[in-house]
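Structure first, commentary second.
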Amino acid sequence: MVTSSEPFAARLDIDYPETLDRFTTFFRLIWIIPIGIILSLLTATGNETVAETGEHIERTGLGITGGLALATMLMIVFRMRYPRWWFDFARELTRFGARVAAYFFLLTDQYPSTVDEQAVHLEIDYPDAERDLNRWLPLVKWLLAIPHYIVLAVLAAIGMVVWVIAWFAILFTGRYPRPLFDYLVGVGRWGLRVEAYAFLLVTDEYPPFSLK
C-alpha cells in the first residue's frame with residue numbers, strides 16, 4: 001500500500017449555506033424524484049428474467065458504472081493504460097452523483113445540475129497508469145477496502161439520523177447546524193476516497209480513515 005503526504009487523489013468540499021429554504025427542505029423527498037430517476041438510470045444494475053420455451057433465463061448487467069470499473073481494471077492489468085475519456089466520464093458522473101447527494105442531504109438548496117459545479121466542489125486527479133499505478137493491485141483493491149465499507153456503513157447509519165435532525169433544524173431556524181453539516185460532508189469525502197481507490201482506480205494510495 002502506498003502512503004503519501006500529498007493531498008489524496010480525490011477531494012470533496014461543499015460550500016456552507018448561511019440560510020436554507022424551509023419550503024424546499026420540507027418537500028425535498030418529492031423535489032428530488034426527477035433528478036434521482038435520471039441518476040438511477042445511469043448507475044443502476046440490470047436484472048431481467050426471460051421465459052423461453054418454458055425456461056427462465058436470468059440476465060444481469062453491471063450498469064454503466066460497474067461496467068466502466070471492470071473495463072478500467074482490465075485495461076490497467078493488461079495494457080497499463082487508463083483512457084482519458086473513460087476517466088473524464090467517470091469523474092463527471094461522480095460529480096453529478098455528489099450534487100444529487102448534497103441536495104438530498106439538505107447541504108444545498110441548488111437543484112442538481114447535470115453540468116455546472118454549483119456548490120459541490122469535487123476533484124479527482126487523472127493518473128499516469130504506467131508511473132502511478134501497480135498493474136496487479138486493481139484485482140484486490142475492492143477486497144482491501146473492506147474495513148472502509150464496514151466503517152462507512154456505520155457512518156451512513158448515523159448520517160441518516162443527522163439528516164433527520166438537520167431537517168427539523170432547518171424547518172425551525174432556516175439554518176443547517178454547522179457540526180452536522182461538517183459531519184455529512186466528511187462522510188461524503190470519506191466515501192469518495194474509497195470509491196477513487198477501489199472502483200475508479202485512480203490511485204494506489206490507501207484511503208485514510210478520516211472525515212477531514
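The values are calculated or read from the model by the stated rules, or taken from the named source; none is laboratory data. Model, not experiment: these values are computed from the prediction. Using ideal geometry, Cβ is built from the backbone for each residue, glycine included, and neighbour counts are taken over all protein chains shown.
Matching residues to (1) surrounded by 15 or more Cβ atoms within 10 Å (Cβ to Cβ); (2) at pLDDT below 95; (3) among the small types (G, A, S); (4) touching a strand residue (DSSP E or B) at 6+ places or on another chain (Cβ under 9 Å):
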{"site": "M1", "(1), (2), (3), (4)": "no, yes, no, yes"}
{"site": "S4", "(1), (2), (3), (4)": "no, yes, yes, yes"}
{"site": "F8", "(1), (2), (3), (4)": "yes, yes, no, yes"}
{"site": "R11", "(1), (2), (3), (4)": "yes, no, no, yes"}
{"site": "D15", "(1), (2), (3), (4)": "no, no, no, yes"}
{"site": "T19", "(1), (2), (3), (4)": "no, yes, no, no"}
{"site": "L39", "(1), (2), (3), (4)": "yes, yes, no, no"}
{"site": "L42", "(1), (2), (3), (4)": "no, yes, no, no"}
| Can we say R81 is charged (D, E, K, R) and in contact with a helix residue (DSSP H, G or I) (Cβ under 6 Å, 6 or more places away or on another chain)? | yes
| request: Output the number of the condition that T94 fails; it satisfies all remaining conditions of (1) closer than 30 Å to L20 by Cβ; (2) hydroxyl-bearing (S, T, Y); (3) not in a helix (DSSP H, G or I). | output: (3)
| Every pair of residues 6+ apart whose Cβ atoms lie under 6 Å, when the first sits in segment 151-172 and is closer than 18 Å to R22 by Cβ while the second is surrounded by 12 or more Cβ atoms within 10 Å (Cβ to Cβ) and of a type in the set (A, V, I, L, M) | A166/L106; A166/L180; I170/L20
| task | Hey, could you check segment 160-192 for residues that are farther than 24 Å from A10 by Cβ and of a type in the set (G, A, S) and say which is surrounded by the fewest Cβ atoms within 10 Å (Cβ to Cβ)? | result | G174
| request: Quick one: T65 ticks every box in (1) at pLDDT below 95; (2) crowded, with 17+ Cβ neighbours inside 10 Å; (3) within 30 Å of P179 (Cα to Cα) except a single one, so which number is it? | output: (3)
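Identify, please: which residue in segment 161-212 is part of a loop (DSSP other than H, G, I, E, B) and of a type in the set (V, I, T) and is, among those, farthest from F89 (Cα to Cα)?
Checked segment 161-212; the qualifying residue farthest from F89 (Cα to Cα) is T203.
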| field | Matching option when the condition is out of contact with any Gly (no Cβ under 6 Å at 6 or more places or on another chain), at pLDDT 90 or above, closer than 22 Å to V140 by Cα and surrounded by fewer than 16 Cβ atoms within 10 Å (Cβ to Cβ), among F78, F27, F23, F89 | value | F78
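Which count do you get for residues in segment 102-118 that are aliphatic (A, V, I, L, M), modelled with pLDDT of 95 or more and either assigned to a loop (DSSP other than H, G, I, E, B) or surrounded by fewer than 17 Cβ atoms within 10 Å (Cβ to Cβ) (or both)?
Total satisfying the criteria: 2.
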